[in-house]
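Asks: Structure incoming, see below.
The values are calculated or read from the model by the stated rules, or taken from the named source; none is laboratory data. Computed from a prediction, not measured in an experiment: that's the story for all the values here. When we count neighbours, we look across all protein chains shown, and the Cβ atoms used for this are built from the backbone with ideal geometry, even at glycine. When the accessible area is computed, the model is the full protein with side chains, heavy atoms only, and any ligands, DNA or RNA have been set aside. Shrake-Rupley method; radii C 1.70, N 1.55, O 1.52, S 1.80 Å.
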Amino acid sequence: MKRDMKILIIDDNPDDRALAIRELRREFPNIEVDEVKDADEFITALNKGEFDLVITDFNIRWTDGLNVLEKVKNKYPDCPVIMFTGTGSEEIVVQAMKGGLDDYVVKTTTHFVRLPASVRSVFKSREERFARQRAEELYERLFENIPIGLYSVKPNGEIIAINQALVDMLKYPNRESLMNINAEEAFADPEERDIWLKLLMDKGTVTGYENDLKSYDGKIICVIENAHVIRDEEGEVAFIEGSIIDITERKMMRRELKITKKKVEQLHTTANILDNCETEYDVYEHVLEAAKDILGFDSSSILIYDGDDLVIRKSSNKELKVGTRNPKDRGVAGKTFKENKTFLIYDLREWPEAKPAKKEYRSAVSAPIGDIGVFQVISNAVGYFDEYDKDLVDILVSHTFEALRRIRYEEELKESEKLYRSAIENSGTAMAVLEEDMTSSMVNKGMENLTGYTREELLGKIKWPRFVVEEDLERMKKFHKMRREDPSSAPPNYTFKFINRYGDTKNMLINVSMIPGTKKSILSLLDITHNLKTLKSFEESQEMFRIAFEHTDQGMAILNTDGTILEVNSALCNIIGIKDNELTNRDITELISKKEQKLYKDELKEMAAGERNTWEADLSLVGKDEKLFKAYINISTVMDYDGNARLMLAFIRKQSTNESGKG
């Protein structure tokens, strides 16, 4: 047992209590015993609840054993209760057992020795009951959370139990709606169900059986089913248990693999070409060429979504002018884009939405290019395209979508890099872009000044560990690796000791984030040598901290992680023009003008919620007499060596007229 057993003994006979305790301590020498002699002591013990077992007499001056049993079980259902009494009839024993009594021991001189055995027995029974409960709970969790369909049904098709995965697989609105059908109704082919059931009854177990089921919306779902029968004591089949795995997509892939070798090779070649296209126009050119070779058609077009229109970007039909705009909700193209669905059109004249550019156009395949646009192939013959062609178009369009999305992403990335470069170059903070091999691919003037190296000496040559002292190096390398495997696993900012070209060391607060879609990270460094010394001094000596804290030359506040001001220095009081006791316990955001609170409300909320680890801005602060003044503010979360947030530091510098005019 994790702690000594504590037993509550309820008996108004002190001799009987003493005998019972003596026998119990022979078996359990370390038990604690709380003796209850009257009603008040019983109520107190019951409310306190610090006991593992109750042993009670039946005849008690102020109550009886049944009343004790009822009160204990009502408040502590899992607490064992033993009735140890020399009185009471068989009827009372039966009544007590129904009320949850765990054991009954006759109180005689010879039966006192049975009491320890009874205690051990009821504890063993309780542990076994708990084990069963845990097993049942584990089974229930497994049944509900396993990502395959599970069921129990009677041989006549009556459904006994199903899990949520099966409900989702068959697309029923809820569990009850699926439970209300007969299992036979879920089979696409009832005869197939009869074959499966006969095989199951003959063998008792069927594994890997491929079948077609019918979903709630009428669609066919291909599945693999494993099942076995459960028999009753007479050997009759009581019910069937089984599991179902959806292999619809797998079968669709098999069907796609049946495409002729030549066309597969053409699609593969086209995919490789599209992977190397540098512009959207190149993609349009190659897609139309591939479609002509693979499908054959009288006309094909690519329309791209732009604003509220679908705009023709490329067409094999010279009569369709590039740049022509069509409303996104009109025509076959509009329906395709809106519903994000490929349409195989046997005869365009039977489609009310169709407005073909030529009356000769009769059949078509119209496919969405994701959320980018629409691809269409058209033939002059009715019924020219079939499901096979539709599959080919879907494959071609998927490659087209990936190529266009890649090109757009690369263009966005280039723009982002321009923004990164501009932000880095124009920042007063030391900043750099770090590659996966720990070399720098971009640095600003601030980083040159901090390291003592020129840009030419830094870029692609000197690895970042050169600037980290030995005791911090392994930690930084670990964070560098973690960040590239999972950006959220590494702390976004932390402190370390920086060493420059000349061997000078400084305490730095580093902020690091990954550039999306790359293995590059962007970092900024803030020299907190004096402030960090102040913080460490605080942990070692509050008096030394206050001395250093008060003599720093810039405004500084120590914040709780929710943004509450814990302490400010004199420099900050002078900048704000407000006494320290008027600043502490306020939220740091209260110092920002209301107008700019709204402007930066999202950033401030993220800081307060712990979703953002650093924030800086040039803004207006509220000083004495509600007067506004321009200032630079930087708030950063300080992490410990394990990456856990300890507190936040706010640095505030009042700007001169010239400084504030730069922003």
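Asks: Any idea which residue in segment 230-265 is surrounded by the most Cβ atoms within 10 Å (Cβ to Cβ), counting only those that are assigned to a loop (DSSP other than H, G, I, E, B) and at pLDDT 75 or above? Talk me through it step by step, then tell me what you get.
Replies: Residues of segment 230-265 assigned to a loop (DSSP other than H, G, I, E, B): 232-236, 247, 257-260.
Those still in the list that are at pLDDT 75 or above too: 232-236, 247.
On the way: D232: 9, E233: 6, E234: 6, G235: 7, E236: 9, I247: 16.
Per the stated criteria, the residue is I247.
Asks: Just give me the residues in segment 561-579 being farther than 20 Å from K630 by Cα and either at pLDDT below 85 or of a type in the set (S, T, Y) (or both), in sequence order.
Replies: T561, D562, G563, T564
Asks: Find the residue count for segment 443-479, including only residues that are open to solvent by less than 20 Å² (accessible area, probe 1.4 Å), in a helix (DSSP H, G or I) and under 19 Å from K520 (Cα atoms).
Replies: Within segment 443-479, residues that are open to solvent by less than 20 Å² (accessible area, probe 1.4 Å), in a helix (DSSP H, G or I) and under 19 Å from K520 (Cα atoms) number 6.
Matching residues to (1) in contact with a Ser or Thr (Cβ under 8 Å, 6 or more places away or on another chain); (2) not aliphatic (A, V, I, L, M):
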| site | (1), (2) |
| --- | --- |
| L320 | yes, no |
| S366 | yes, yes |
| I372 | no, no |
| A381 | yes, no |
| I424 | no, no |
| S427 | yes, yes |
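Asks: Same structure, new question: Looking at the structure I just gave you, is D329 open to solvent by 50 Å² or more (accessible area, probe 1.4 Å) and assigned to a loop (DSSP other than H, G, I, E, B)?
Replies: Yes; evaluated as a whole, the condition is true for this residue.
Asks: I'd like to verify a number: residues in segment 263-281 that are touching a residue at least 40 places away in the same chain (Cβ under 8 Å) and touching a strand residue (DSSP E or B) at 6+ places or on another chain (Cβ under 9 Å), how many?
Replies: Of the residues in that region, 1 qualify.
Asks: Looking only at segment 485-505, which residues are crowded, with 16+ Cβ neighbours inside 10 Å and either charged (D, E, K, R) or assigned to a loop (DSSP other than H, G, I, E, B) (or both)?
Replies: Within segment 485-505, the first condition is being crowded, with 16+ Cβ neighbours inside 10 Å, and the residues that meet it are 490-499.
Those that are crowded, with 16+ Cβ neighbours inside 10 Å and either charged (D, E, K, R) or assigned to a loop (DSSP other than H, G, I, E, B) (or both): A490, P491, P492, K497.
Asks: Going through segment 287-318 one residue at a time, which ones are outside any strand (DSSP E or B) and either modelled with pLDDT of 90 or more or touching a strand residue (DSSP E or B) at 6+ places or on another chain (Cβ under 9 Å) (or both)?
Replies: If we filter segment 287-318 for residues that are outside any strand (DSSP E or B), which is where we start, we get 287-298, 307-308, 316-318.
Selection gives V287, L288, A291, K292, L295, G296, F297, D298, G307, D308, S316, N317.
Asks: What number of residues within segment 585-598 satisfy the criterion of being assigned to a helix (DSSP H, G or I), in contact (Cβ under 8 Å) with a residue 12 or more places away in the chain and surrounded by 14 or more Cβ atoms within 10 Å (Cβ to Cβ)? Before the answer, list the steps.
Replies: Let us first name the residues in segment 585-598 that are assigned to a helix (DSSP H, G or I), namely 588-591, 594-598.
Applying the additional criterion that residues be in contact (Cβ under 8 Å) with a residue 12 or more places away in the chain yields 588-591, 595-596.
Then keep just the ones that are surrounded by 14 or more Cβ atoms within 10 Å (Cβ to Cβ); that gives 588-589, 591, 596.
Within segment 585-598, residues that are assigned to a helix (DSSP H, G or I), in contact (Cβ under 8 Å) with a residue 12 or more places away in the chain and surrounded by 14 or more Cβ atoms within 10 Å (Cβ to Cβ) number 4.
Asks: What number of residues within segment 495-513 satisfy the criterion of being under 19 Å from A645 (Cα atoms) and either of a type in the set (S, T, N, Q) or touching a Ser or Thr at 6+ places or on another chain (Cβ under 9 Å) (or both)?
Replies: 9
Asks: On the basis of being assigned to a helix (DSSP H, G or I), under 30 Å from F479 (Cβ atoms) and at pLDDT 80 or above, does T637 make the cut? Quick ask: steps written out before the conclusion?
Replies: Details: assigned to a helix (DSSP H, G or I): no; under 30 Å from F479 (Cβ atoms): yes; at pLDDT 80 or above: yes.
For T637, the condition - assigned to a helix (DSSP H, G or I), under 30 Å from F479 (Cβ atoms) and at pLDDT 80 or above - is not met.
Asks: Filter segment 89-131 down to the residues that are among the aromatic types (F, W, Y) and farther than 17 Å from N67 by Cα, then identify the one that is surrounded by the fewest Cβ atoms within 10 Å (Cβ to Cβ). Let's see the steps before the verdict.
Replies: Of all residues in segment 89-131, those among the aromatic types (F, W, Y) come to 104, 112, 123, 130.
Among the residues that remain, those that are also farther than 17 Å from N67 by Cα are: 112, 123, 130.
Working: F112: 18, F123: 16, F130: 11.
The extreme case among them is F130.
Asks: Of all residues in segment 618-634, count the ones that are assigned to a helix (DSSP H, G or I) and closer than 18 Å to L526 by Cβ. Steps first, answer last, please.
Replies: Of segment 618-634, the ones assigned to a helix (DSSP H, G or I) are 624-626.
The next check asks that each one be closer than 18 Å to L526 by Cβ; those that pass are none.
Looking only at that region, the number is 0.
Asks: Can you tell me which residue within segment 210-229, out of those that are of a type outside the set (G, A, S) and crowded, with 17+ Cβ neighbours inside 10 Å, is farthest from the chain's Cα centre (by Cα)?
Replies: Step one: filter segment 210-229 for residues of a type outside the set (G, A, S), giving 210-214, 216-217, 219-226, 228-229.
From the residues that got through so far, the ones that are crowded, with 17+ Cβ neighbours inside 10 Å too are 211, 213, 221-223, 225, 229.
Numbers: N211: 34, L213: 32, I221: 29, C222: 30, V223: 29, E225: 31, V229: 39 Å.
Ranking the qualifying residues of segment 210-229, first place goes to V229.
Asks: Failed condition for I369, given (1) in contact (Cβ under 8 Å) with a residue 40 or more places away in the chain; (2) open to solvent by 10 Å² or more (accessible area, probe 1.4 Å), with all others met?
Replies: Looking at each condition in turn, I369 falls short on (2).
Asks: So which residues in segment 601-616 are out of contact with any helix residue (DSSP H, G or I) (no Cβ under 6 Å at 6 or more places or on another chain) and either surrounded by fewer than 16 Cβ atoms within 10 Å (Cβ to Cβ) or part of a helix (DSSP H, G or I) (or both), if there are any at all?
Replies: Initially, segment 601-616 is screened for residues out of contact with any helix residue (DSSP H, G or I) (no Cβ under 6 Å at 6 or more places or on another chain), giving 601-603, 605-611, 613-614, 616.
Residues satisfying the conditions are K601, D602, E603, K605, E606, M607, A608, A609, G610, E611.
Asks: Still on this model: Has segment 158-181 got any residue that is within 13 Å of L213 (Cα to Cα), open to solvent by less than 50 Å² (accessible area, probe 1.4 Å), touching a strand residue (DSSP E or B) at 6+ places or on another chain (Cβ under 7 Å) and part of a strand (DSSP E or B)?
Replies: There is no residue in segment 158-181 that is within 13 Å of L213 (Cα to Cα), open to solvent by less than 50 Å² (accessible area, probe 1.4 Å), touching a strand residue (DSSP E or B) at 6+ places or on another chain (Cβ under 7 Å) and part of a strand (DSSP E or B).
Asks: Within the group L150, L166, L170, L199, which residue is under 32 Å from the mean Cα position of the chain (by Cα) and at pLDDT 90 or above? Reasoning before the result, please.
Replies: Details: L150 fails: at pLDDT 90 or above; L166 fails: at pLDDT 90 or above; L199 fails: under 32 Å from the mean Cα position of the chain (by Cα).
Just one listed residue meets the conditions, L170.
Asks: Any residue in segment 186-208 that is surrounded by 12 or more Cβ atoms within 10 Å (Cβ to Cβ) sitting within a Cβ distance under 6 Å of a residue that is β-branched (V, I, T) and assigned to a strand (DSSP E or B)? List the pairs, counting only those 6 or more apart or interchain.
Replies: So the pair list comes out as A188/I220; L199/V206; L200/V206; G204/V229.
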